[in-house]
Each structure stands twice: as structure tokens, then as C-alpha cells.
Amino acid sequence: MYARLKPLETPSDFEFPFAPYTIQQQLMQELFEILENKQIGIFESPTGTGKSLTLTCAALKWLERHENHVRLEIQERLDEVSRELIHCEKENHGAIDWFSLHAKSHEKRCELLELKDMKKLLDEYDQRLAAIKEKKNITNYSKKITRKGEISMHDSDDTEENLYSLDETEADESVDSKGSEASQSYQNVQIFFCSRTHAQLAQVMKEIKRTPYGRRVRCLPLASRQQLCVNPQVRKLNNSSMINERCLDLAKESKGSTKITASDGNGCACKKASVSRKSSKGGCPYKTQSLIENLSELAVMNNFDIEDLVQEGERLQTCPYYAARSSIPIAQIIMLPYQLLFNHKSRHQIGINLKGNIIIIDEAHNLLDTIAQMYSCEINLQQLATLQQQMQSYKLRYANKFSSANLLYINQLLFVIKRLIKLLKPSQNPASKTNHRMICTYELMSEGDFFNIDLYQLLQFCERTRLAQKLQGFIKKLEAAPQPKENQFPESSTVDILKRLEKRQQLEGNQKTLESHTLTQEDEASEGKVSQEHKSFITSFPIRFLITFLEALIEKADDGRILINIEDESSKDFCRQTGFKYILLNPGAHFEDIVKEARAIIVAGGTMQPTFELTEQLFSACPERVKLHFYDHVVSSDAVLPFAITQGPSGKNLCFNYSQRATVEALSDISAILENLCNVVPAGLVCFLPSYDYLDTIYRHLQTSGALERISKRKRVFKEPRSSTNKENCSVEELLDKYATSIKVQRDGALLLSVVGGKLSEGLNFTDDLGRGVIVVGLPYPNRQAPEMQERLRYLDSTLGSGSGKEYYENLCMKAVNQCIGRAVRHIGDYACVYLVDVRYANQNIQTKLPQWIARHIQVTTSYGQVQARTVKFFKTKNKN
């Protein structure tokens, strides 16, 4: 990657598709400067201000100008160095200090060679792009593949048995093999734009297409195999890990040879002696290199989104996943979800190189929590018990076929599992029915007595042999085996084990011991069918949970903690609720390599303040690079009317903390507020409540008090479903369609009851009549007594200073409130009322954490009548306009 010498001037025209507002123009100019100066920018721009489009226009303008200047500068430097070299060589003749002049000539000659090499690589890069653009038939690729037959997951004994082989296998073949090739090609600066969901990324790509850049830029979406695979035989596995493993198997078969180990005919891993033969299957029929290249070029030149990429892959009968990966080197802006960017292993597997590139993180208000959740993991007693039985069965079946090294690793895994199970033994203190403990990773290994096992080498063994896939293939074979006949010794499969566990729990009740939940090898035939709940558990394959947990144990000890949770033995879900959870306390540990490699990082969101935790945890190593930019809303000051409602219609103070919110007085007041506001707020009214349980409580009170019936005469009432898996509940999309129809088509108006932090509180737009009023009831603080929260607060106090934990706790609550507020007022002509229902919103400390465009105009009312009167006046004024 060429290091440009001359700085770029900040432009005034960013080719924005509309006349930009002042704050949009300011944001684009300041973002341009951050990219140019290789800095880290934290941007807060309220929702509804065109933030995503503004970010992309500024970044693409910088990229295009950078690319043009690189080409000009390389040519200028070539001419300049050539002239200097000629001048040096002339001076060499007859010079007295010929040694110094010779050294200078040598230096110039080396610089000239480097510039020529760079120019050659750049020319080859440009020629490749030109060749792709010149393909007249690029949109008419229609070559079809004639399959010789569908690929089955168990086409032959050889294919099936290879699932269980512990041969040391290659990892994903495409990354390492292309590493040397990539190093010999021109590395252009790229933009990695990431957001929470593929739907948000698709929206950003749609907006890019509306700009002049849409005709010039090369835009590429990235996703996992689960989203992109078009092979129906692989997609039906319906599990991301299994899809990944099966895809890798087929990819290796596509190379034309398959490694077969000498075995006993049942697929066990043998010693390292192996033979090779040509595969009769030929791998995945969708992985045809020429078609993948065609789809790769088609995707990046036409700015496909995920849906377009999959549809075109199905049409061409080629693989969208590998096509997207092939397009990475020539793409200018790459769209990807958080998981692919923040996870180092995912970046390596898909071939993402961040060095010298630009990263834009959109919707980053919960960035720290997102990273922490991504690297936190858990495993319960039931999973450990099942896994121990699976591993023992696997070992007994193939023990005499393992190499000594592999057998050692298998025994070490079994030992670790056994010691983890022992640590989950219930407390002998009868007064303590539920036991929580928080310990460091090294304390867990010490108490478990496996501190002397090299977990890193053990994990390398699991990855090298792909043990997880081998074990789950072995277990699937056992589950599919026919039931034993009479007087025949039955095989002990996972189904048998889980059934025995369930049976013992029922028989022994409160007297059962830990051993009854773990493992014995009695030979009983299973009776009846396993419950659907157990079936779903079986398909999760606990080996993967263990590997993830062991990976967490080798992290730096100060960065996380282990929560040991031991439930009451008499509990119905004792085995599932008892277990270990790794809690990542330092998200910066998994972000520091991104900070080191990237040229510039943009972190943007609608509610980024306060930023102290973000800067201290992620960017403490380079505070001089961090620049903060906060912007106001584009709407006028009279477009929003915010209230802090301190008293209800009853005249009593409103406090919706956990202990008071379910009282009859509180329920009556909130019911009366909803009823009154539905009478004066036109069109759509959205109410956010602290939790799903409280939503149910409010809804029941509305029904029993008759308020629901009275409200329904003015507005249709909708309730956010806790889960869309219940047949009685509609999906979020269906709910929103019905809500919108009631407002826009039927003109009845609607009240939508939803939950803070739920499905409707982030990423959705209640524009214009869909959200003329937003109500937030109470302050949605998380449970402070939860062991995980207490440990996180202690960690922040110890690392960032006293009081940091309390500040973090309050910020969690207020960022959730601000997200709810931001669902309304989505453009410059929009308007709405905002009702913050709780006496605590009158607190100055709380108001300072609200968005500036709300805090600046908030009206703290001393009686509820003021709210009603001012609301009527506000909408009367808007209707006149």
C-alpha cells in the first residue's frame, strides 16, 4: 500500500444526493479530515439526520480523491527520482567525495526500483478492473451446471466414515493459499462499513445507489455461509457450525483428492499412515471456479446486496459465499455485520485484511456491550454430562485405532470435563439452595486441578483434527442406528443417556446426587421418544460449547471472570441452570488489534454520549488520535415537545422503580395517562415500558379496569409480542404492518405498547403519523444485584476509577431511553411529543444524559393538567401549519 506524501484538501462538494443540511456538511468535512489524518472519530448525530448516508458520502469522496492522488503522485515521484538519479550519476564523474555520492545514487536507485514495482502493480490492478468492465456479457452469464446427482450428507461409507477421522486436516484452504498471491498484488485502501444487522447494511447500500457514487463505486456485501450457501443439501443442515464444516469438506473434495485413513472399516481415526485417492464425488457442484469468478465480478460491479447475491448464485448455480470472498481485493467499500469484523477468527477465515484500511462502525451506541457479549460464553451441567458420555463412547469405540498423541489429547479433554462437572457439585450447606461464585480463569483451572494441562495445545488439536465435526458425525450415526433387538446388547447413544437422566430426576427427586445427573454406563434400552426439547439440545452438540469455553480460559486473566452458578437440586431445570459462564470485562482486549491495524476508525451512532467508557476501554492506548464530534438535530426547536411528567392524574408523584411500579396507584395512573393521551395525540402513539413482564401487567390492568375498551374506541391497541415463536403471536413485521394500516389506511389511529430494549426500540422508524407521540415509562435500569452486573461495576471502579461503575450503570439505562426517544422525529419536517413518565426525569443529572435536542426544551410539569393542555395546543398549532 503506497504511503501518499502530499495531504488532501478538504472539499466542499461531497456529491450528496440532496442539498445537505448544515450539520450534514459539517459532519462530512470533519470525517474527511479524520480519514486524511489517520485518526479515530466518534460521531454522534441524532437519528433521522441521514447519518449513514452522510458517513458513506464523505468516506467515498476521500477514497476517490486518495486513489487519484496516489496515481498522480507515483508518476510524479518516478519522474522526479529518475531526474535525481541522472543528476547524481553525472556528479559522480570527477567527484572527490565519490563514496558519499555513490551511496546517494544507490539510495535513489533503490527508491526508483520500488516505485517502478509499485507502478507495475498499480497498472496490473487497473488493467484487471478495466478488463472486468469491458466484459460486454457480464450481465448475461447464464451457463448452467448439469449435476450428476444430488450430494447427500452420507453418500457412501467412505464419505461418512471420514467424518469421524482424527487425521490432522487443513483449515480453510482459501485464505492461506491466497496469502502469497495477495502480497504480490496492489493493495488499495478499502472501507469496511459495519452495522448490527444485514437489513441495516442493505439499507445503506440502497442509499449509496441513490448517489453519484452508486454508478462508480465497487460495493460488496459479506456474510456467513449460512446466509449465502445455495447448495440445498448443505443448507438443510440449518446449523451454522455444521454448514461451515460440510462446506469445507466439499471444498477439499473439489480439489480432486481426498485423504483416506487406514481404518477398521468403521471410520475410526488410525495412526498417521494414510493413502490418497481420487474423489468420486468431485466436491460441491456449486464451487466451479470459472462461475465463481463470473459471479464475483458481477456482484462487485453491480453493487449486489445479500439478496441479489444469493439470487444470482442460484441462477448461475455457483457459490455466492466464495464469490463474495473472491471479490474482496477489488472492492472499495465492504458491507459486513459486527460478527465478521470484531471476531479475529472470522476475519482470518474470510480473508479480511484491516491493515491500512478504514473502518466505519454504524449504530455503535452499544459497541462495548456488543463486543463483551460476542466473547462471553457459557456451558451447563447437562451439556457437560452429555459431552462426557459422547466422548467416552467415541474413545471406547476407537481407542485401539488412535495414535498415542491423539489418545493423550482425548484423555485430557475427558479429564477437563470430569473436573468441571465435579466443580458443579451442589453446596453441602442446606441453608444455601442457590450458589453463585465469581472467580478468575486461573482459579477455575486451579480448583479444577487441570492447571497443568496446556489448553492452547489442546485447542490446537481440536482445530487441527476438527474434532467437533468428527464427534457430532459419530453421534448422529449412533442416533440413526436401529434399536437393539431382544437379548442384544444396546449401544449407548445420546438419546439413551438423556432419557436416563430424565428418568433418574423423576425417580430420585430431592435425594438425587450430582452423580445421578452425570454419568453412568448402565445398559438400559430407552423407552418411548425423546422430548422435543431434548432433541433440540442434542442437535446443539455440546463439544462446540466446551471448545468455546476453553478458548475463553486462555484469555488474559484480568480481562474476564467465570461465574459459577449452582442451582437448587430440587429445581426442575437443575442441570440446565447449573453451569459456568465466562464474562468478558475488558472489550478492548479484542479490539486492540483493530486499532493498531486500521488507518482510521469512525464510530458513529445516534446516542454516543457519554463517551468516557468507550474511549477509556477501546482507545486508551492512543488518546491523541481520538476526536469527538457531536451534532444537533436537523428539526426546528418547535418540532418536538418533550415532557418530564412528575405527577399523574391522581395528583400523586409518579415513580416507576421496581418496588413501586406494580402498585394499584401506579397502574391506575399510567392507565389514566394512556387513556388521556390517546384522546389528544393524533395518529400513532408508541409507549415503551421497562420489561415484558410489566407490559403484561399493564395490559391486564387495562383490560380489568375497562380502560382498554375505552381506548379502543379512539385507537386500536397493539402489543409487542414477547416471542414470535408462539402461534398466537404475530411476527414483528406483521404487527408493524397492522399498526401502520390502522393509521394510514383506516385512519383510526393506534397505540403500540412495546418494551425498552425490545424488538421495536432500536432500528425502526416511526416516521410522521406513525409516531406523533412517544411515551417512556420509568427508568429501565438493569438488575444491579445480578452477579454479572456487580462484577462489571467492580471491574470498572478498579480500572477506570471510583464511581465509574455507577456512571456505567446509569448510562446503560439512559442510552436505552434515548434509543426509544429517537424512534420518532425522523426528518426535518417531522414533529412529535415525547413523554418521560417518572418523577426522576426532573433530576438535572438525568436530564444531562438526554439528547441535547430534547434536554434543551424539556418541560418539567408539576401537574398532569399541564401536560394535557400543552399537548392539545402543540398539535393544534401543527395542524394549522
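The values are calculated or read from the model by the stated rules, or taken from the named source; none is laboratory data. Quantities reported herein were computed from a predicted structural model and do not represent experimental measurements. Cβ sites come from the backbone with ideal geometry, for glycine too, and all protein chains shown count toward neighbours. Protein only, heavy atoms only, side chains kept; ligands, DNA and RNA dropped before computing areas. Shrake-Rupley method; radii C 1.70, N 1.55, O 1.52, S 1.80 Å.
Listed values, structure above:
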read-out: Residue within the range 82-91 that is open to solvent by less than 20 Å² (accessible area, probe 1.4 Å) and over 30 Å from Lys104 (Cβ atoms) present; value: no
read-out: Total residues in the range 798-837, condition over 24 Å from Val872 (Cβ atoms) and not hydroxyl-bearing (Ser, Thr, Tyr); value: 19
read-out: Any hit, the range 307-319, residues being under 30 Å from Asp573 (Cα atoms) and either of a type in the set (Val, Ile, Thr) or free of Cβ contacts under 8 Å to residues at least 24 places away in the same chain (or both); value: no
read-out: Residue count, the range 739-769 (criterion: outside any loop (DSSP other than H, G, I, E, B) and touching a Leu at 6+ places or on another chain (Cβ under 9 Å)); value: 10
read-out: Residue check, Lys485 open to solvent by 40 Å² or more (accessible area, probe 1.4 Å) and either modelled with pLDDT of 90 or more or over 30 Å from Arg792 (Cα atoms) (or both); value: yes
read-out: Residues satisfying the stated conditions in the range 636-653, i.e. in a loop (DSSP other than H, G, I, E, B) and open to solvent by 20 Å² or more (accessible area, probe 1.4 Å); value: Ser636, Ser637, Asp638, Pro649, Ser650, Gly651, Lys652
read-out: Members of the range 280-293 found to be open to solvent by less than 50 Å² (accessible area, probe 1.4 Å) and under 17 Å from Leu222 (Cα atoms), listed by number; value: Ile292
read-out: Helices (runs of 4 or more DSSP H) enclosed by the range 789-881 - at least 1 residues per element that are of a type outside the set (S, T, N, Q) and touching a Pro at 6+ places or on another chain (Cβ under 7 Å); value: 804-821, 852-855, 864-880
read-out: Meets criteria (of a type in the set (Ser, Thr, Tyr) and modelled with pLDDT under 85) for Thr288; value: no
read-out: Residue match in the range 395-405 (condition: of a type outside the set (Lys, Arg) and in contact with a Ser or Thr (Cβ under 7 Å, 6 or more places away or on another chain)); value: no
read-out: Lone qualifier among Leu340, Leu408, Leu368 - being open to solvent by 10 Å² or more (accessible area, probe 1.4 Å), touching an Asp or Glu at 6+ places or on another chain (Cβ under 7 Å) and modelled with pLDDT of 90 or more; value: Leu368
read-out: Only listed residue being at pLDDT 95 or above and out of contact with any helix residue (DSSP H, G or I) (no Cβ under 8 Å at 6 or more places or on another chain), chosen from Glu76, Glu33; value: Glu33
read-out: Residue check, Leu354 in a loop (DSSP other than H, G, I, E, B), at pLDDT 90 or above, open to solvent by less than 10 Å² (accessible area, probe 1.4 Å) and over 29 Å from Leu563 (Cβ atoms); value: yes
read-out: Neighbours by Cβ (under 7 Å, 6+ apart or cross-chain): first from the range 397-422, within 17 Å of Ser446 (Cα to Cα) and of a type in the set (D, E, K, R); second modelled with pLDDT of 90 or more and surrounded by fewer than 17 Cβ atoms within 10 Å (Cβ to Cβ); value: Arg419/Asp449
read-out: Single residue of the range 1-29 satisfying the filter (assigned to a helix (DSSP H, G or I) and polar (S, T, N, Q)) that is surrounded by the fewest Cβ atoms within 10 Å (Cβ to Cβ); value: Thr22
read-out: Inter-residue pairs, beta-carbon under 8 Å, first charged (D, E, K, R) and in the range 12-37, second open to solvent by 40 Å² or more (accessible area, probe 1.4 Å) and outside any helix (DSSP H, G or I), 6+ apart; value: Glu30/Lys627; Glu33/Thr10; Glu36/Pro7; Glu36/Thr10
read-out: Subset of the range 30-49 (residues that are open to solvent by less than 10 Å² (accessible area, probe 1.4 Å) and assigned to a helix (DSSP H, G or I)); value: Leu31, Phe32, Ile34, Leu35
read-out: Counted residues, the range 615-635 - those being assigned to a helix (DSSP H, G or I) and crowded, with 21+ Cβ neighbours inside 10 Å; value: 2
read-out: Pairs where the first residue, in the range 556-569, is touching a residue at least 60 places away in the same chain (Cβ under 8 Å) and under 12 Å from Leu424 (Cβ atoms) and the second is open to solvent by 30 Å² or more (accessible area, probe 1.4 Å) and part of a loop (DSSP other than H, G, I, E, B), C-beta under 6 Å, 6+ apart; value: Glu567/Thr434
read-out: Matching residues, the range 218-235, being open to solvent by 10 Å² or more (accessible area, probe 1.4 Å) and either under 29 Å from His365 (Cβ atoms) or more than 23 Å from the chain's Cα centre (by Cα) (or both); value: Arg218, Ser224, Gln226, Gln227, Pro232, Gln233
read-out: Selected residue (criterion: most open to solvent (accessible area, probe 1.4 Å)) from residues of the range 659-688 that are in contact (Cβ under 8 Å) with a residue 12 or more places away in the chain and over 23 Å from Asp748 (Cα atoms); value: Glu665
read-out: Where a residue in the range 691-713 is modelled with pLDDT under 95 and its partner, wherever it lies, is among the aromatic types (Phe, Trp, Tyr), with Cβ under 7 Å and at least six apart; value: none
read-out: Considering residues of the range 843-870 that are over 25 Å from Asp768 (Cα atoms) and under 36 Å from the mean Cα position of the chain (by Cα) only, the residue surrounded by the fewest Cβ atoms within 10 Å (Cβ to Cβ); value: Gln844
read-out: Total residues in the range 576-618, condition of a type in the set (D, E, K, R), more than 26 Å from Val189 (Cβ to Cβ) and out of contact with any strand residue (DSSP E or B) (no Cβ under 7 Å at 6 or more places or on another chain); value: 2
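Conditions tested, residue by residue: (1) open to solvent by 50 Å² or more (accessible area, probe 1.4 Å); (2) modelled with pLDDT of 95 or more; (3) under 21 Å from Ile547 (Cβ atoms).
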position	(1), (2), (3)
Phe402	no, no, yes
Ile417	no, yes, yes
Lys425	yes, no, no
Pro430	yes, no, no
His436	yes, no, no
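Let's see how each residue does on (1) surrounded by fewer than 17 Cβ atoms within 10 Å (Cβ to Cβ); (2) outside the structural domain of Leu812 (by the TED database); (3) under 24 Å from the mean Cα position of the chain (by Cα):
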{"position": "Gln746", "(1), (2), (3)": "yes, no, no"}
{"position": "Gly749", "(1), (2), (3)": "no, no, no"}
{"position": "Val755", "(1), (2), (3)": "no, no, yes"}
{"position": "Gly758", "(1), (2), (3)": "no, no, yes"}
{"position": "Gly771", "(1), (2), (3)": "no, no, no"}
{"position": "Val776", "(1), (2), (3)": "no, no, no"}
{"position": "Gln785", "(1), (2), (3)": "yes, no, no"}
